[in-house]
Amino acid sequence: MGNAGIAHSGYFYKMMLEKLETALVCYTQASFENLEPENPATEEDEATRQAHLVPEKARLLVAALKLAGVDSDIVKVPLRSFQPRDIAKAAFGWRLLDLKESNGRSIDLVICLDFPAWSLSHPHKISWLINLPNFVTRRSSANPPRSKDTNGGANLDLHGNVSSLLQSERRGLAESWRIMAGNRSVAEELARSGLQVNYNPFPIEETDPASSEWQTVIKRLVTSVLRQGT
């Protein structure tokens with residue numbers, strides 16, 4: 001690209017940024033740094049490991065957005081456990097939130113980094129996936145486990161609860177204004193599931209929001225969001 005093309009690209013990006021004034025980055029808080037785990041020697045499962053990654057991505061994303069001139073903040077809802085009942089409660093909590101404005105200011109964009117966070121309803125909601133959603137990973141898996149009630153009575157079939165959650169997960173994702181994938185494998189698998197996805201990878205090791213890597217991520221985000229206008 002020549003100097004004229006670069007200048008035009010920079011001007012176009014600046015003009016788009018002027019249309020994007022406010023953004024909220026949303027995630028479900030499933031771990032608390034100041035609380036020691038009950039069994040610290042126990043190896044973390046995948047859900048817990050990923051729960052530790054999302055807050056750092058959210059922090060860096062907000063910092064990078066602010067450096068780009070977008071007034072941004074984090075919104076999080078606590079999750080008691082990864083049991084279907086508690087996930088359903090968190091999803092309901094997200095659904096009840098109205099984040100279309102705050103303190104009299106319109107919220108131009110919300111970016112949801114997980115489920116149940118993307119249960120949130122907003123006209124300009126971006127679901128930015130770091131991992132595959134459960135409705136994709138479980139579509140070929142065995143039936144959910146069954147458990148007995150505490151009184152030793154009839155088996156309580158969890159299949160209905162889990163199926164309902166998977167439907168809620170897919171519905172929330174389908175309601176997204178844009179779906180973005182944080183890595184290539186997620187983008188490809190979501191595309192195979194029939195979802196329209198934009199590929200915008202998070203920097204793997206870069207922790208400086210002012211770095212060229214993070215600012216490139218923000219440029220891709222803004223371009224994707226505002227190319228056709230909000």
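For K19 and R105, FRET efficiency with R0 = 22 Å and r from the beta-carbon atoms, rounded to 0.05?
That gives a FRET efficiency of 0.90.
Can you classify region 175-230 as rounded, prolate or oblate using the Cα gyration tensor, where a ≥ b ≥ c are the square roots of its eigenvalues, rounded means a/c under 1.5, and otherwise it's prolate if a/b beats b/c and oblate if not?
oblate
What dipole magnitude, in Debye to the nearest 20, does region 76-128 give about its Cα centre under +1 on Lys/Arg Cβ and -1 on Asp/Glu Cβ?
It comes to approximately 160 debye.
Counting other beta carbons within 10 Å of each Cβ, put H122, H52 in order, fewest first.
The most exposed by this proxy come first: H52, H122.
Skipping prolines and chain starts, which residues have an amide H placed within reach, meaning under 5 Å, of the one on Y199, given they are 5 or more residues away or on another chain?
A181
Read-outs throughout are calculated quantities, based only on the coordinates presented, and are distinct from any laboratory measurement. Just so you know, these numbers come straight off a predicted model, no measurement behind them. Neighbour counts run over all protein chains shown; Cβ positions are idealised from the backbone, glycine included.
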